[in-house]
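In what follows, a structure is listed as structure tokens, so that the remarks can point back to it.
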Amino acid sequence: MADKLIRDIPDAAMQELKSMADKSNYKSLNEFLVSVLTSVAMGNYFEEKEQKYQQLISYVTETLENNTEVLRAITK
């Protein structure tokens, strides 16, 4: 499958990728592509975790604000 995907990449793009791999001292184009894909996947993973964390913070903040309003109403 990977071979088919690599064949679908235009020659100019393949040359650019090979050049980037060489400049970065990778042993092969495949090693470079695996590194790039892993980096992208990990970036997406952490971005997703950050979004969930932000949603949790928003939920907790909203809940605390609502509870504070309820306590203020009770203590009046």
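The values are calculated or read from the model by the stated rules, or taken from the named source; none is laboratory data. Remember, it's a predicted structure, so these values are computed and weren't measured experimentally. We place every Cβ from the backbone using ideal geometry, glycine too, and count neighbours over all the protein chains shown. Just so you know, the surface numbers come from the protein's heavy atoms only, side chains and all, with ligands and any DNA or RNA stripped out. Shrake-Rupley method; radii C 1.70, N 1.55, O 1.52, S 1.80 Å.
Farthest towards the positive end of the charge dipole of the chain, among the residues Gln54, Ala41, Ala73, is the Cα of Ala73, using unit charges on the Cβ of Lys, Arg, Asp and Glu.
The three principal axes of the C-alpha atoms in the chain carry coordinate ranges of 74, 25, 18 Å, sorted with the longest axis first.
For the chain, the number of Lys pairs with C-alpha atoms closer than 28 Å, counting only pairs eight or more positions apart or on separate chains, is 4.
Asp11 exposes around 130 Å² of accessible area when a 1.4 Å probe is run over every protein chain in place.
For the chain, the solvent-accessible area with a 1.4 angstrom probe is 90 square angstrom per residue. Length gained on full extension, Thr68 to Asp8: 15.7 nm, using 0.36 nm per residue less the C-alpha separation.
To put it simply, the accessible area of the chain at a 1.4 Å probe is 58 percent carbon and sulfur.
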